[in-house]
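Input: a single structure, listed below in structure tokens.
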Amino acid sequence: MVSFSAGRNIVLFLLMRGLGAFSAQMLDVAIGWHVYARTGSALSLGLVGLAQFLPLVLLLRWSGPAADRYDRRKISALAALGQGGASLAIFLIAIFDAPIPWIYLALFALGSARAFSGPANSSLLPQIVDAAHFPRAVALSTTMFQAATIAGPALGGIFYALGSEKIFFACALLAAAAAPIAFKIVLPNAPAAIAPTGEKNALDGLRYIWSNKVLLGSISLDLFAVLFGGVTALLPIYCHDILHVGPEGLGFLRAAPAVGAIAVSVLLSVFPLRRHVGAKMFAAVAAYGVATLVFALSQNFWLSAAALASLGAFDVVSMVVRQTLSQIATPDPMRGRVSAVNFLFIGASNQLGEFESGVAAALLGAVGAALFGGVAAVVVVGVWAVLFPELRRADTFHPIEEKT
């Protein structure tokens, strides 16, 4: 049974994360259409992802140790304000029709703020939820995120279709609104252990993951499958050139994976994964690759939406397993550094994956890039099943905790 104070903390955490996610999703769909409409270039879309990924690498030395050294609520609040400021800059750039490189600079600033918010938020949740309730809390957090991922892109696409680039201003307000909520969270446990900053300590998270084959396998499996199999960066091209729909159609397709994901997230919050977690992760990632192939070949809007919804449903199973293993198996004084590496890998799979998709589309065309990604994701599953038998045989979450 969860206490009242713990329940209040969870609600505040979900609200804080929901506002940030809603802002991010609205911004992502609007910026993708804006850049492609102005440039008509697949590579330009890829650079949108690269601009947001680079800060994750460059700031890794500080982002993880900061979450272990300082109050995670303060870091989350400051990062939310940073994301709001970057979104406001994009609004001004769009209004004054400034050159495209300025957008990449603002996205770099946005990625810098996210480099700190990711480890802080991920490390804050296990600090306010005990291990017994953590898998369910992760599922609830994922549900909130996916709810924002449904509404955010849909509204972002609709508002942008109406010619209102003020959507970027709304994103700034939503992101900044998360800051005061972070301070209302009460920490029931002792403050995070003080961890000295520096390159050595920043790399502690990577060393810890490398020493735990189950963690390494789960994080890297998700990384490479989504890195190759993700089609997010290709959606503006598919909508404009293949499916022949406008920004409102792009918004609905961006929301489609979240429709499948939230259905599975709700299911997992009621019936958490308990047995055969490793095998279920492998099966989910393989199905993710197959769904990508269906999308690649589709020329029908609704079939494409169904494929993307299936893709999201399978992806959330992998995400819940990865997040739960990462947080339960990691001691609290190490969670910030491990979360920073985990967040870097997530950024690599998402933002760097967008860059990979843009480059592949420039070379192979959008359909060829999506086909390549789906096949690569399925191949990764087979290779990882051989390289990481510990993950394949993982039965429950708790034995992992005991081994660490």
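Taking residues in segment 271-283 that are within 20 Å of residue 219 (Cβ to Cβ), and partners anywhere that are of a type in the set (Ser, Thr, Tyr) and surrounded by 16 or more Cβ atoms within 10 Å (Cβ to Cβ), the pairs with Cβ atoms closer than 6 Å and at least 6 places apart or on different chains are 281/318. Just one of (1) within 16 Å of the chain's Cα centre (by Cα); (2) without any contact (Cβ under 8 Å) to a residue 24 or more places away in the chain fails for residue 101. It is (1).
Could you tell me whether residue 117 is farther than 30 Å from residue 267 by Cα, assigned to a helix (DSSP H, G or I) and of a type in the set (S, T, N, Q)? No; evaluated as a whole, the condition is false for this residue. Counting only helices (runs of 4 or more DSSP H) wholly contained in segment 287-397, the ones carrying 3 or more residues that are surrounded by fewer than 23 Cβ atoms within 10 Å (Cβ to Cβ) and either at pLDDT 90 or above or in contact with a strand residue (DSSP E or B) (Cβ under 6 Å, 6 or more places away or on another chain) (or both) occupy 301-328, 353-387.
Would you say residue 173 is modelled with pLDDT of 80 or more, within 18 Å of the chain's Cα centre (by Cα) and either of a type in the set (A, V, I, L, M, F, W, C) or over 13 Å from residue 20 (Cα atoms) (or both)? No; evaluated as a whole, the condition is false for this residue. When we screen 241, 222 for residues that are closer than 26 Å to residue 354 by Cα and at pLDDT 85 or above, the only hit is 241.
The single condition among (1) in contact with a Phe, Trp or Tyr (Cβ under 8 Å, 6 or more places away or on another chain); (2) on the phi > 0 side of the Ramachandran plot that residue 97 does not meet is (1).
Regarding residue 149, is this residue among the polar types (S, T, N, Q), modelled with pLDDT under 85 and under 19 Å from the mean Cα position of the chain (by Cα)? Lay out the reasoning, then the answer.
Working: among the polar types (S, T, N, Q): yes; modelled with pLDDT under 85: yes; under 19 Å from the mean Cα position of the chain (by Cα): yes.
Yes, satisfied.
As a summary of the residue check, residue 79 satisfies the conditions (1) under 26 Å from residue 182 (Cα atoms); (2) surrounded by fewer than 23 Cβ atoms within 10 Å (Cβ to Cβ); (3) among the small types (Gly, Ala, Ser) except for the one numbered (2).
For residues that are polar (S, T, N, Q) and either crowded, with 24+ Cβ neighbours inside 10 Å or touching a Leu at 6+ places or on another chain (Cβ under 9 Å) (or both), scanning just segment 134-166, find the one that is farthest from residue 250 (Cα to Cα).
Kept after step one, since they are polar (S, T, N, Q), are these residues of segment 134-166: 141-143, 146, 149, 164.
Of the ones still in play, those that are also either crowded, with 24+ Cβ neighbours inside 10 Å or touching a Leu at 6+ places or on another chain (Cβ under 9 Å) (or both) are 141-143, 146, 149.
Details: 141: 25, 142: 22, 143: 22, 146: 17, 149: 13 Å.
For segment 134-166, the residue satisfying everything is 141.
The values are calculated or read from the model by the stated rules, or taken from the named source; none is laboratory data. If you're wondering where the values come from, they're calculated on a predicted model, not measured in any experiment. Note: ideal-geometry Cβ built from the backbone for every residue, glycine included; neighbour counts use all protein chains shown.
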